[in-house]
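To start, the structure itself, in C-alpha cells.
The values are calculated or read from the model by the stated rules, or taken from the named source; none is laboratory data. The model shown is predicted, which means the values in this text are computed figures rather than measured ones. All Cβ positions, glycine included, derive from the backbone under ideal geometry; neighbour counts span all protein chains shown.
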Amino acid sequence: MDFGDIPPHDTRPRWGEAGIHGIHRFREWDALVRVTGVDLEVSEVRFVALGDGTLVVDGDEDLDVDSIAEAIEQELPAPYRAHAVRADDDAWTAAAEAIELVELPRELEGEQLELTVRQGERTLIVDGLPAFGDTSELEQLGAERGDDYVVQASRVDGDLWDVRVLPL
C-alpha cells in the first residue's frame, strides 16, 4: 500500500477564522466616560437623568453630579441610569445605559417589580418576594411585545419607573 498520495490528516480544531464560538454577552453600558475635576465626598454614586434635565441621585444624597452628567450626555442623551466610580487619581469613570421611563400608579408597592406572563399565567415579584395585586398597567406594557413577556420595573422617584420589557 502506497501512502505517498494521501495528504496527512489535519488535526487542528475547526473553529473558523476568529476561533470564537457561542453567543456574545449583551452590552451592559451604552456610554463610558472619564471625568476630572469632580469633588465629591463619596467614592461612587448612582443616579438617573430624566429627560427634562433633572438628576435623581440614589440614596437621597445631596450630591452635585452635574459635571458627570454633562460628560455622559456628550455620548448618550437622557434618560439614562448612571454609575460613577472614583479612580485612584481622583478622576471619575462613569458608565450609563439608556432607559425607558414610565409613570405608573403611586399605589404600586415596592421598589423593584417583575411581572412574568407565560402561556397566560402571571407571576408578580415585588422586591424579590412573590406578590398579588393589580398588574394591569404592567400587562399593558408587556402586551405590546407579544403573549409571553417579562416586565421589569425599578422605581426612580414617586410614580416614575425605569421599565424594561423582554419578550419570551
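Within this structure, residue 114 fails the test of being surrounded by fewer than 17 Cβ atoms within 10 Å (Cβ to Cβ) and not aromatic (Phe, Trp, Tyr). Quick one: count up the residues across segment 127-149 that are surrounded by 18 or more Cβ atoms within 10 Å (Cβ to Cβ) and either hydrophobic (A, V, I, L, M, F, W, C) or assigned by TED's automatic domain parsing to the domain that holds residue 55 (or both). The qualifying residues number 2. Can you find a residue that is exposed (fewer than 10 other Cβ atoms within 10 Å of the Cβ) and at pLDDT 90 or above anywhere in segment 13-35? No, segment 13-35 has no match at all. Restricting attention to segment 62-92, the residues that are of a type in the set (Lys, Arg) and closer than 12 Å to residue 37 by Cα total 1.
Taken over segment 36-58, the residue count meeting the criterion of being under 18 Å from residue 162 (Cα atoms), at pLDDT 90 or above and of a type in the set (Asp, Glu) is 1. In a residue-by-residue description of segment 91-105, the property of being over 29 Å from residue 42 (Cα atoms), surrounded by 15 or more Cβ atoms within 10 Å (Cβ to Cβ) and of a type in the set (Ser, Thr, Tyr) applies to no position.
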